[in-house]
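Structure, as structure tokens:
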Amino acid sequence: MRTEACREQECCGKAGMSTNVLPIKEKENSMSEVKMLNCPEVKNVPWQEKPEGIVGAPIWRYTENPIIGRNPVENVARIFNSAVMPYGDGFIGVFRGEQTNGIPYIYLGHSKDAIHWEFDKEKIPFKDENGNDFMPVYAYDPRLVKVEDTYYIIWCQDFYGASIGMAKTTDFKTFTRLENPFIPFNRNAVLFPRKIDGKYMLLSRPSDSGHTPFGDIFLSESPDMVYWGKHRHVMGRSSEWWESVKIGGGAAPIETTEGWLLFYHGVSGTCNGFVYSIGGAILDIDNPSKVLYRCENFLLTPEEWYEERGFVPNVCFPCATIHDPVSNKIALYYGCADSYVGLAFTKLDEIVDYIKTHSHVTESDTELGIR
Ligand code: BMA
């Protein structure tokens with residue numbers, strides 16, 4: 001069995017980082033050279049080869065989508081908008097389970113192949129720092145990010161209004177709540193998988209208390225996961241219609257030789273409600289509030305029945321990737337129509353190439369983001 005320790009050893013660690021960074025000139029002409037950095041090898045990343053006839057962005061859906069159907073657990077009607085990662089010799093995940101009383105909560109799931117999941121029947125039992133029960137009123141859209149030896153769960157919850165909740169675990173048995181990072185209202189927070197300049201980095205999307213009709217992505221930093229500051233604007237809704245209402249962070253950024261690869265969601269307003277698509281951007285490695293490239297086209301938009309039809313139609317909502325630095329495979333997990341979990345695939349070099357080729361950045365993207 002492969003242990004966490006040996007996974008870490010195989011990881012293209014810090015030492016690899018300097019040797020992997022290409023000089024700027026070379027970078028521009030050699031997209032196939034792009035590499036993932038500081039992430040462990042994942043030999044069993046779920047995968048299907050690219051089918052013939054893909055038009056638009058080089059990202060393709062798993063043919064057996066959705067991977068999680070309705071009523072997956074007793075008292076849970078739907079699972080969607082959920083995050084997964086390699087763990088031990090399999091995978092682990094935190095799942096948004098919409099209970100039959102309509103209130104969302106977070107459930108733990110395990111899988112051998114990252115496709116077939118078994119869920120705990122009980123909600124994740126959050127405790128406070130003293131070991132006392134400390135359950136949020138509701139909890140949704142969890143992200144799961146490992147920084148150093150600790151796994152962090154970040155979600156949206158009630159804090160006298162919608163705001164961000166966070167907890168940490170090292171064993172997925174005890175889960176300790178951390179201070180809420182922000183006052184209301186805020187959603188769609190996701191950590192970077194390593195500290196930058198010694199600081200934890202968190203993307204988030206300030207919002208209102210309802211189905212927010214606006215929203216940009218911001219970056220905040222913390223020395224200790226308690227005090228958050230040095231807030232910076234990363235990027236805003238754009239003039240492209242598919243993301244002209246609001247945007248929000250999605251999967252934890254993937255570190256690459258080109259910058260941080262971010263899959264996020266962009267929202268369009270129609271006379272029939274919001275449409276959620278998946279977008280892609282590349283952020284500066286040392287100053288991730290600077291956007292280097294931002295794809296003007298969506299990467300994935302609702303097209304399949306499980307994306308167009310459900311509790312909330314027309315939603316593709318990315319929350320996690322499983323990615324392998326050796327094969328460059330990326331498996332993207334996304335919520336579908338607030339009803340299901342879907343899986344899509346891409347290759348690092350192809351998606352980075354597509355984002356760069358179709359990049360359109362504005363001054364508010366490329367600036368440091370402070371006023
Ligand atoms: C957002 C969030 C998501 C949801 C989306 C579409 O505001 O609440 O959880 O998927 O709306 O309903």
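The values are calculated or read from the model by the stated rules, or taken from the named source; none is laboratory data. Bear in mind that the values here come from a model prediction, so they are computed numbers and not experimental data. Cβ atoms come from the backbone with ideal geometry, glycine included; neighbour counts cover every protein chain shown. Heads up: the accessible areas ignore ligands, DNA and RNA and are worked out on the full protein's heavy atoms, side chains in. Shrake-Rupley method; radii C 1.70, N 1.55, O 1.52, S 1.80 Å.
Okay, here's what the table says:
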| quantity | calculated |
| --- | --- |
| Near pairs, Cβ below 6 angstrom, 6+ apart or cross-chain, from the range 326-354 (open to solvent by 30 Å² or more (accessible area, probe 1.4 Å)) to any residue that is away from the ligand (no atom under 16 Å from the Cβ) and modelled with pLDDT under 95 | ASP349/MET31; ASP349/SER32; ASP353/MET31 |
| The listed residue being within 15 Å of the chain's Cα centre (by Cα), away from the ligand (no atom under 16 Å from the Cβ) and closer than 26 Å to MET85 by Cα, out of ALA252, ALA320 | ALA252 |
| SER364 open to solvent by 10 Å² or more (accessible area, probe 1.4 Å), of a type outside the set (Phe, Trp, Tyr), under 20 Å from SER239 (Cα atoms) and in contact with a His (Cβ under 8 Å, 6 or more places away or on another chain) | yes |
| Members of the range 202-230 that are among the small types (Gly, Ala, Ser), more than 14 Å from the ligand (Cβ to nearest atom) and open to solvent by 10 Å² or more (accessible area, probe 1.4 Å) | GLY229 |
| Selected residue (only one of VAL94, VAL55 is part of a strand (DSSP E or B) and either aliphatic (A, V, I, L, M) or surrounded by fewer than 17 Cβ atoms within 10 Å (Cβ to Cβ) (or both)) | VAL94 |
| Exclusive hit being buried (at least 21 other Cβ atoms within 10 Å of the Cβ) and away from the ligand (no atom under 16 Å from the Cβ), set TRP117, TRP155 | TRP117 |
